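A.B. asks: Pasting a structure below so you can have a look.
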Amino acid sequence: MKRVRTGWLARRRRSARGGEAPGAPAATVPLAEGLARCAAHADALAGSGDRHRRDRAAALRRLLSEHPEAAALPPGWSTARPALLDALLAAGEAALAGEQEDGLRLAVTIADTVLTERGGSRGGWRLRARALDALGEDVTAAAAWERYLALRPEPVPELSARAAGLRASAAHRGELLRELRERYPRAAEFTGGGATELWADGLARDAAGDWAGAAPRLVAALRTMAERPLHAAETSAALTEFMDRFLLRHREETGGPLTGCAALFAHYADHVRLRAQAPVPDPTLGAARAVGVGDLRSLVAGRSVCVVAEGSSGESAGDGYDLVVRCDAFRPGRAGPGARADLHVTTPAAPDGWAEPVGTRIILCEQDEPWKRAVRERLVPGAQHRVGDASLRWPLRTLGGGPWPASPGTALHVLWLLDFLDVCPRLDAVGLGLPDRPHERDWLAARATDRTDTRISLR
């Protein structure tokens with residue numbers, strides 16, 4: 001019988017008593033609470049013989065001794081006490097050393113303490129991204145990397161690639177879980193059960209030779225883990241354990257051939273590969289360079305931007321703007337300023353505009369696979385110098401825009417993104433009008449500073 005790796009299960013039982021999972025959105029951690037956790041952690045490290053733990057304890061004691069009265073400071077303390085902010089970040093860096101789980105969790109706490117005080121802290125988002133990345137929290141690590149990149153004045157291609165790889169890895173894991181639910185429909189019978197109990201029951205049934213009864217319970221446990229705020233690293237460990245068992249049982253039943261399992265193992269392989277390394281550049285892009293959120297921020301920073309909605313000629317759009325954004329299908333009109341298209345934002349369904357030469361082309365798509373097909377099949381070689389990467393596939397989700405009742409149109413999505421980046425001194429929309437959907441109309445009306453029959457200004 002194959003040896004069972006269940007260390008993650010014991011860790012889950014312990015962590016269930018330890019509070020919020022580190023993959024949750026940036027938590028509000030007041031300074032006093034953050035310092036109290038640092039003090040408790042330093043006490044727990046007393047007498048440790050491990051070098052990384054000793055160094056971490058020394059950094060925490062230094063933080064606490066140099067700022068003994070800090071816990072009493074009111075919000076806004078970073079303006080008068082920038083040295084305290086630097087000391088917190090230094091302690092967070094020390095907590096990362098050795099990539100030990102308790103240190104990484106403390107680093108997340110310290111990052112959240114910094115971000116509670118100063119939400120636009122590059123150092124805070126970088127610390128949070130590094131800690132979550134090391135903990136295996138793919139989606140939240142990618143979000144933190146993207147926030148960090150959006151705050152930088154210049155792009156960092158390798159970090160953009162890392163964030164894209166983490167998101168792609170998580171997407172493949174999601175597709176793998178969907179395939180498993182379809183293969184084992186009985187898993188739906190166990191919806192609502194506790195992940196730990198379902199997993200233990202499944203392992204026991206498999207050990208007794210009842211794979212038919214074990215598999216649906218194990219898949220139900222995996223689904224519960226993925227849908228609740230558990231630790232992603234433990235979910236991945238459980239998924240690896242399941243795939244090992246699935247492979248072994250399938251070979252026992254069929255004698256070796258993996259008939260009908262290609263999609264399962266393809267998604268699993270891509271999940272593991274992309275988690276370990278950044279995506280390989282797509283050869284179909286030709287000479288075009290992939291750009292992420294941080295790159296786009298650098299491109300539009302300090303520049304006046306006009307967003308031209310689909311169906312509008314926008315003949316005057318080039319007048320007085322540094323950048324003109326065209327949406328969905330478009331055909332430039334007569335020659336001259338009104339024909340400008342510096343950036344094209346489109347969707348896989350758009351019939352036209354793909355061959356028009358632009359500096360940057362971004363494809364918006366809620367689903368990962370249709371987006372990949374559009375990148376490979378719809379882009380025209382040489383028609384763009386830059387192509388939006390996976391971090392720009394659906395910014396409303398990747399940058400934390402919250403749930404919208406329905407997917408916004410392309411022009412409104414672009415406006416949301418540029419409003420979020422908040423680096424354009426002038427931002428206008430031409431040919432958009434007020435949307436029919438109340439949520440979209442309210443969002444636009446709340447941000448509009450001026451409006452004519454053809455133009456809405458947000459800056």
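A.B. asks: Keeping to region 402-453, report how many residues are open to solvent by 80 Å² or more (accessible area, probe 1.4 Å) and touching a strand residue (DSSP E or B) at 6+ places or on another chain (Cβ under 6 Å).
C.D. replies: 2
A.B. asks: Looking at region 387-401, can you tell me whether even one residue there is surrounded by fewer than 22 Cβ atoms within 10 Å (Cβ to Cβ), among the charged types (D, E, K, R), closer than 17 Å to residue 143 by Cα and at pLDDT below 85?
C.D. replies: yes
A.B. asks: How about region 285-330: which of its residues are touching a strand residue (DSSP E or B) at 6+ places or on another chain (Cβ under 9 Å), open to solvent by 40 Å² or more (accessible area, probe 1.4 Å) and at pLDDT 85 or above?
C.D. replies: Scanning region 285-330 gives 299, 303, 322.
A.B. asks: Here's a follow-up. All but one of (1) over 24 Å from residue 153 (Cβ atoms); (2) in a loop (DSSP other than H, G, I, E, B); (3) over 21 Å from the mean Cα position of the chain (by Cα); (4) not polar (S, T, N, Q) hold for residue 405, so report the exception by its number.
C.D. replies: (3)
A.B. asks: Across region 51-79, which residue is surrounded by the fewest Cβ atoms within 10 Å (Cβ to Cβ) among those that are basic (Lys, Arg) and within 20 Å of residue 114 (Cβ to Cβ)?
C.D. replies: Taking region 51-79 and keeping what is basic (Lys, Arg), we get 51, 53-54, 56, 61-62.
Cutting the leftovers down to within 20 Å of residue 114 (Cβ to Cβ) gives us 56, 61-62.
Values: 56: 28, 61: 17, 62: 15.
My answer is 62.
A.B. asks: Does region 82-100 include one or more residues that are under 17 Å from residue 51 (Cβ atoms) and open to solvent by 60 Å² or more (accessible area, probe 1.4 Å)? I'd like the intermediate steps shown before the answer.
C.D. replies: Looking only at region 82-100, we keep the residues that are under 17 Å from residue 51 (Cβ atoms), and these are 91, 93-100.
The next check asks that each one be open to solvent by 60 Å² or more (accessible area, probe 1.4 Å); those that pass are 93, 99.
Looking for residues that are under 17 Å from residue 51 (Cβ atoms) and open to solvent by 60 Å² or more (accessible area, probe 1.4 Å), one finds at least one in region 82-100, hence yes.
A.B. asks: Let me ask another. Of the numbered conditions (1) in a loop (DSSP other than H, G, I, E, B); (2) acidic (Asp, Glu); (3) in contact with a Pro (Cβ under 9 Å, 6 or more places away or on another chain), residue 436 fails exactly one; give the number of that condition.
C.D. replies: (3)
A.B. asks: Taking region 344-393, which residues are farther than 23 Å from residue 407 by Cα, without any contact (Cβ under 8 Å) to a residue 60 or more places away in the chain and part of a loop (DSSP other than H, G, I, E, B)?
C.D. replies: Listed by number, the residues that qualify are 355, 356, 357, 380, 383.
A.B. asks: Answer yes if at least one residue in region 191-201 is under 29 Å from residue 274 (Cβ atoms), out of contact with any helix residue (DSSP H, G or I) (no Cβ under 6 Å at 6 or more places or on another chain) and loosely packed, with under 14 Cβ neighbours inside 10 Å, and no otherwise.
C.D. replies: For region 191-201, residues under 29 Å from residue 274 (Cβ atoms), out of contact with any helix residue (DSSP H, G or I) (no Cβ under 6 Å at 6 or more places or on another chain) and loosely packed, with under 14 Cβ neighbours inside 10 Å: present.
A.B. asks: Quick one: would you say residue 48 is among the hydroxyl-bearing types (Ser, Thr, Tyr), in a helix (DSSP H, G or I) and either in contact with a helix residue (DSSP H, G or I) (Cβ under 9 Å, 6 or more places away or on another chain) or open to solvent by 60 Å² or more (accessible area, probe 1.4 Å) (or both)?
C.D. replies: Working: among the hydroxyl-bearing types (Ser, Thr, Tyr): yes; in a helix (DSSP H, G or I): no; either in contact with a helix residue (DSSP H, G or I) (Cβ under 9 Å, 6 or more places away or on another chain) or open to solvent by 60 Å² or more (accessible area, probe 1.4 Å) (or both): yes.
So residue 48 fails the test.
A.B. asks: Considering only region 265-284, how many residues are within 11 Å of residue 164 (Cβ to Cβ) and at pLDDT 80 or above?
C.D. replies: Of the residues in region 265-284, 1 are within 11 Å of residue 164 (Cβ to Cβ) and at pLDDT 80 or above.
A.B. asks: Hey, among the residues in region 24-45 that are open to solvent by less than 70 Å² (accessible area, probe 1.4 Å) and over 24 Å from residue 141 (Cα atoms), which one's modelled with the lowest pLDDT?
C.D. replies: Per the criteria, the residue is 45.
The values are calculated or read from the model by the stated rules, or taken from the named source; none is laboratory data. Since the model is a prediction, treat every value here as computed from it, not as a measurement. Ideal geometry is used to build each Cβ from the backbone, glycine not excepted, and the neighbour counts take in all protein chains shown. Protein only, heavy atoms only, side chains kept; ligands, DNA and RNA dropped before computing areas. Shrake-Rupley method; radii C 1.70, N 1.55, O 1.52, S 1.80 Å.
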